[in-house]
Amino acid sequence: MADNESIVIERTPEGVGGWLVDRVAFYLKLTPEEVDPQIGLADYGLDSVYAFTLCAEIEDTLGVPVEPTLIWDVDTLAALTEHVMALVAAVESA
Amino acid sequence: MDAEKTSPHGGLPGAALTGSAMDALLGDPAEETNPVGRTAVLAADERREMLAEGEKLLDAVVLNAEFVPAGLGGRFTSVPRLAEVLRAVWRRDPSLGAGYGFSSFLAAVNVWCAGDAAQRRHTADVLLGGDRVAVAFHELAHGNDFAQAEFQARAQGGGWQLTGRKETIANLCRARALVLFARTGAAVGSRSHSEFLLDKAELPAAGWCDLPRYHTSGMRGLQLGGMEFTDCPIPGTALIGAPGQAVEIALRAFQITRSMFPAVCVGSLDTALRITLDCALERRLYGGTVADIPFVRSTVARAFADLLAIDALASVGVRALHLAPESTAVYASASKFLGPRMMLDAFEDLRAVLGAQGYLRQGPHALFQKLFRDAAPITFTHASRGACLSTILPQLPRLARRSWLSGPAGPADLFDLDAPVPPLDFQRLAVGMPTTDGVIGALAEMAENVRAPGREDPLSRLVARFGAELGELRSRCAELSPSDLTMDAPAAAYELAERYTVVLAAACALAVWRAGGERHPGRPDAGLLGVLDRLCGRLPGAGVLTATERASVEAQLFDLAVARFTDRALFDLTARPIPG
């Protein structure tokens, strides 16, 4: 997205998790503090369009391949952070 | 393609159908004694019945086999060829095309994409045995918003229990099997619905009933039915794929049928244009024929150009399923949006030429009013315009950033309409978010080539215009924020999605003409210029051609249309000879 060019994200659970919280907060027009990593993204009202968009952002920003349906299956930010970290590790060890 | 053994119904006519074979089968429409001629088509419509003799003919050639992959004993190998065959049926009678079997194909693609071996075998056997499969997705209360569908399947024992209503489903009453979309989870989101394959003969009689037939103003022969289920038990083996996969399966499988939709429906615009010319050339008004009136000549020319534009967009769209499946999550919706919309507009324009003749339900041109009514649902059936645009819109920012202006053109065969296509790989159809756009890549390449100074001819100026539009779209789409992309997106964002479909159509036309060379009508000075001029008219801003240039293009297109009419040749890109 336009406001998301050239940002550097540390490939740590804190770095990736914090960035994901920031993105979701931006989508929802909330502050990062208001986003609970344990609540399902669909329950926040993030529909399939946002899910696709977030998948694309993860793929483009972190350089890891992401299925467009990822967020349908891994619904909370906590679980998503864990999943994305595994993808990052897989890419780095490849 | 599946490699399973062929079905026990081995004695099928082996030869795959072609458009010409279907034309020959349906014969001369003007022949009064033809049981599937215009008179019979109109009479069936007045009775709100399917054209029975037409269904018999299609039974005799086992049209259903065209819907079944060759690996399962059918003849389905190529979407472009299937579209050409069905276009020939649509040219005669859209109700026959939709009501005989396209709805079976809509259902079946879900099974071909995601069904297990037994489900694929069963669906193939139902179709090859001459029966129909209905696609039971629709609930009137939720329209195209399938994720909100309420029809429930509750897990029980090893199976499921169905409760709810499915409404306005083609052939539901006379189908033997159905593919059903049901809610299987309470959570919001895209994993709460599942698809089931049911054989009506195996449902317990106490668990369901048919609802009365629905009547409509167009497609009046179509048997639109409903079913109501009450705690109806079905076995666990009915589930297609895994629980919660329905939205994903439908998003993939319906790329095939959404892409085919305009490629098939455009057949009825060919007939409408033929009726219009028939009327205009023979009818005498104000001391000459109707065709002498300049307004009529330019309306005919424009409708002809629109038909060619729809054909170019749709033909590349169905070829992309084979040759660029990674991009069809966008192309299918673009084709389904713009093709039907242009077609309805062209119908409206032609009706102005026919005047009262386009309204009368009797007389030599009575078929026009039926085709006009039959065309009305094309913009909302099988994904509405809003549903198509809201599918396209979220994919554009990423394509803008990753592909447009920098990505390569698609493979040459994507645009060469005579080249054979490789087998369709259902598994390569992706839910969404493509990163490449080879059709737009072709336009970017051509726009780059006309940048040389001194290129002031009409074609170069039109190419430059679409190239500039692409550049503008790229900047605007790359800047869209996530809140601009949802169903609640501002109208301006939707306008970008709409403009993308127009640019995509222009890219298809340019690339098809470039690949087809002299095969396509009128060389660049008429056919292609007419198509691009019409598409330009759908973009904001001034046109490219001068009034003199447009008049010259339209005069050539009118003459070409009259020649096709007189010589009995199709108006589409094939210009194939026809019985009438």
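Some points to look at:
- B:Thr574 meets each of the listed conditions (1) within 27 Å of B:Ala329 (Cα to Cα); (2) at pLDDT 95 or above; (3) of a type in the set (S, T, N, Q) apart from (2).
- Residues that are of a type in the set (Lys, Arg) and either assigned to a helix (DSSP H, G or I) or touching a residue at least 60 places away in the same chain (Cβ under 8 Å) (or both) within region A:28-70 are absent altogether.
- B:Ala175 meets the conditions (1) crowded, with 23+ Cβ neighbours inside 10 Å; (2) within 14 Å of chain A (Cβ to nearest Cβ); (3) of a type in the set (A, V, I, L, M, F, W, C) in every case but one. The failed one is (2).
- Residue match in region A:77-86 (condition: β-branched (Val, Ile, Thr) and within 14 Å of chain B (Cβ to nearest Cβ)): no
- Single condition B:Ala569 does not satisfy, out of (1) touching a residue at least 12 places away in the same chain (Cβ under 8 Å); (2) surrounded by 14 or more Cβ atoms within 10 Å (Cβ to Cβ): (1)
- Considering region A:1-11, and only residues there that are within 17 Å of A:Glu59 (Cβ to Cβ) and either surrounded by 15 or more Cβ atoms within 10 Å (Cβ to Cβ) or modelled with pLDDT of 85 or more (or both), the residue that is nearest to the other protein chains (Cβ to nearest Cβ) turns out to be A:Met1.
- For the residues B:Gly288, B:Gly267, B:Gly241, the requirement of being modelled with pLDDT under 95 and either closer than 18 Å to B:Val316 by Cα or not β-branched (Val, Ile, Thr) (or both) singles out B:Gly288.
- When B:Met433 is tested against (1) away from chain A (no Cβ under 14 Å); (2) of a type outside the set (Lys, Arg); (3) at positive phi, just one condition goes unmet, and that condition is (1).
- Screening B:Glu469 on (1) touching a helix residue (DSSP H, G or I) at 6+ places or on another chain (Cβ under 6 Å); (2) modelled with pLDDT under 95 shows it passes everything except condition (2).
- Checked against the criterion of being farther than 23 Å from B:Lys336 by Cβ, more than 24 Å from the chain's Cα centre (by Cα) and of a type outside the set (Ser, Thr, Tyr), region B:530-542 contains one or more residues that satisfy it.
- Within region B:378-416, the residues that satisfy the criterion of being surrounded by 22 or more Cβ atoms within 10 Å (Cβ to Cβ), within 28 Å of A:Asp60 (Cα to Cα) and more than 14 Å from chain A (Cβ to nearest Cβ) are B:Trp404, B:Gly410, B:Leu414.
- B:Ala489 being within 14 Å of another protein chain (Cβ to nearest Cβ), in contact (Cβ under 8 Å) with a residue 60 or more places away in the chain and surrounded by fewer than 19 Cβ atoms within 10 Å (Cβ to Cβ): no
For every residue, the table says whether it meets (1) farther than 24 Å from B:Ala419 by Cα; (2) modelled with pLDDT of 95 or more.
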position: B:Gly11; (1), (2): yes, no
position: B:Ala16; (1), (2): no, no
position: B:Leu42; (1), (2): yes, yes
position: B:Ala52; (1), (2): yes, yes
position: B:Asn64; (1), (2): yes, yes
position: B:Val68; (1), (2): no, yes
position: B:Ser95; (1), (2): yes, yes
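- Taking first residues from region B:162-178 that are on the phi > 0 side of the Ramachandran plot and partners that are modelled with pLDDT of 95 or more and aromatic (Phe, Trp, Tyr), the Cβ contacts under 8 Å between residues at least 6 apart in sequence or on separate chains come to B:Gly164/B:Phe229.
- Condition met for B:Glu150 (of a type in the set (Asp, Glu), within 29 Å of B:Cys388 (Cα to Cα) and part of a loop (DSSP other than H, G, I, E, B)): yes
- One residue stands out in region B:184-214 among those that are part of a strand (DSSP E or B) and within 20 Å of B:Val109 (Cα to Cα): the one that is farthest from the other protein chains (Cβ to nearest Cβ), namely B:Asp199.
- Residue that is farthest from the other protein chains (Cβ to nearest Cβ) [pool: residues in region A:12-60 that are more than 15 Å from A:Leu80 (Cβ to Cβ) and charged (D, E, K, R)]: A:Glu33
The values are calculated or read from the model by the stated rules, or taken from the named source; none is laboratory data. Since the model is a prediction, treat every value here as computed from it, not as a measurement. Glycine also receives a Cβ, built like all others from the backbone with ideal geometry; neighbour counts cover every protein chain displayed.
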